[in-house]
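Enquirer: Okay, here's the structure, questions in a sec.
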Amino acid sequence: MTWDILNVIGTIAFALSGVFVAMEEDYDLMGIYILGFVTAFGGGAIRNILIGVPVTALWEQGTLFFIAFLIMTFAFFLPAFLFETWLKWGLLFDAIGLGAFAVQGAIFAQEMNLPLSASIAAAALTGTGGGMIRDLLAGRKPLFLRHEIYIAWTMLAGIGVGMGWIQSMPGYLILLVAIILCRMLSVQFNWRLPRSKWHERRTQ
């Protein structure tokens, strides 16, 4: 049940995130579907490769593919004024997808009895992989490489679940909300990780 709920939340959020980016780049309907599907399922594919699960396992998620297809079709046919309103929520949808898939990836690694390092990596790649592919295909700098803290928040899931501290649905939901809030606060207040001074000295 936990796995299914996080899967649905992450799939819907990232599919919408992909649609919004595609529409901003003026893609046609096929481009919107491609970018939406890649965003929704790309992170899981990268995670599976990393931890040795056959990529073909993705094709067993027929229901999720159908849900993503419906959501993307609905978003495509939104009236322009509604789409502009939804567009303002693009970062929130991305944060929801980040949190849901980070927690899901950590649970996946833990259920396979993999070490803590694998749980952290699975959380990071599942949470950010789809968005990374989306941004690269759209010719954008990936969100996790920008100034505000992004990928570091997935470590909350990787460590919390990987260490066995969080093992229940209420705990997973709290973790999901925490990651979303931390990501949105990073954007709002421009929180950044320390950066090297080398580039500043070089440009002086």
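The values are calculated or read from the model by the stated rules, or taken from the named source; none is laboratory data. Note that this is a predicted model, so its numbers are computed, not measured. Every residue, glycine among them, receives a Cβ derived from its backbone with ideal geometry; neighbour counts consider all protein chains shown. Each accessible area value is taken on the protein alone, full model and side chains, heavy atoms only, with ligands, DNA and RNA left out. Shrake-Rupley method; radii C 1.70, N 1.55, O 1.52, S 1.80 Å.
Enquirer: Residue 92 fails exactly one of the following numbered conditions: (1) over 13 Å from residue 154 (Cβ atoms); (2) at pLDDT 90 or above; (3) of a type outside the set (Phe, Trp, Tyr). What is the number of that condition?
Expert: (2)
Enquirer: Please go through segment 117-127 and pick out each residue that is under 18 Å from residue 40 (Cβ atoms) and open to solvent by 10 Å² or more (accessible area, probe 1.4 Å).
Expert: Of the residues in segment 117-127, the ones under 18 Å from residue 40 (Cβ atoms) are 122-127.
The answer is 124, 125.
Enquirer: What pairs come up if the first residue lies in segment 18-40 and is farther than 13 Å from residue 140 by Cα and open to solvent by 50 Å² or more (accessible area, probe 1.4 Å), the second is part of a helix (DSSP H, G or I) and among the hydrophobic types (A, V, I, L, M, F, W, C), and their beta carbons are under 7 Å apart, counting only those six or more places apart or on different chains?
Expert: 27/35; 29/76; 37/68
Enquirer: Please specify each residue of segment 23-63 satisfying the condition of being assigned to a helix (DSSP H, G or I) and farther than 17 Å from residue 134 by Cβ. Don't jump to the end; show me each part of the working.
Expert: Step one: of segment 23-63, the residues assigned to a helix (DSSP H, G or I) are 23-24, 29-51, 55-60, 62-63.
If the condition is that a residue be assigned to a helix (DSSP H, G or I) and farther than 17 Å from residue 134 by Cβ, then 48, 49, 50, 51, 55, 56, 57, 59, 60, 62, 63 are the ones that fit.
Enquirer: Next up: Could you pull out every one of the helices (runs of 4 or more DSSP H) wholly within segment 130-204 that has 1 or more residues that are over 29 Å from residue 34 (Cβ atoms) and modelled with pLDDT of 90 or more?
Expert: Values: elements: 154-162, 169-189, 198-203.
Ranges flagged: 154-162, 169-189.
Enquirer: Still on this structure, please answer the following. Take the residues in segment 104-116 that are farther than 13 Å from residue 154 by Cβ and free of Cβ contacts under 8 Å to residues at least 60 places away in the same chain, then tell me which one is surrounded by the most Cβ atoms within 10 Å (Cβ to Cβ).
Expert: Residue satisfying both the conditions and the ranking: 110.
Enquirer: Okay, moving on. Give 65, 83, 77 a once-over and let me know the one that is at pLDDT below 90 and open to solvent by less than 70 Å² (accessible area, probe 1.4 Å).
Expert: Result: 83 is the single residue among 65, 83, 77 that is at pLDDT below 90 and open to solvent by less than 70 Å² (accessible area, probe 1.4 Å).
Enquirer: Among the residues of segment 1-17, write down those that are free of Cβ contacts under 8 Å to residues at least 24 places away in the same chain and aromatic (Phe, Trp, Tyr).
Expert: Answer for segment 1-17, where residues must be free of Cβ contacts under 8 Å to residues at least 24 places away in the same chain and aromatic (Phe, Trp, Tyr): there is none.
Enquirer: Taking the condition open to solvent by 40 Å² or more (accessible area, probe 1.4 Å) and aromatic (Phe, Trp, Tyr), does residue 101 pass?
Expert: Values: open to solvent by 40 Å² or more (accessible area, probe 1.4 Å): no; aromatic (Phe, Trp, Tyr): yes.
Here the answer is no, as residue 101 does not meet what is asked.
Enquirer: Quick one: which of 133, 180, 166 is over 19 Å from the mean Cα position of the chain (by Cα) and buried (at least 18 other Cβ atoms within 10 Å of the Cβ)?
Expert: On the way: 133 fails: over 19 Å from the mean Cα position of the chain (by Cα); 180 fails: over 19 Å from the mean Cα position of the chain (by Cα).
The conditions single out 166.
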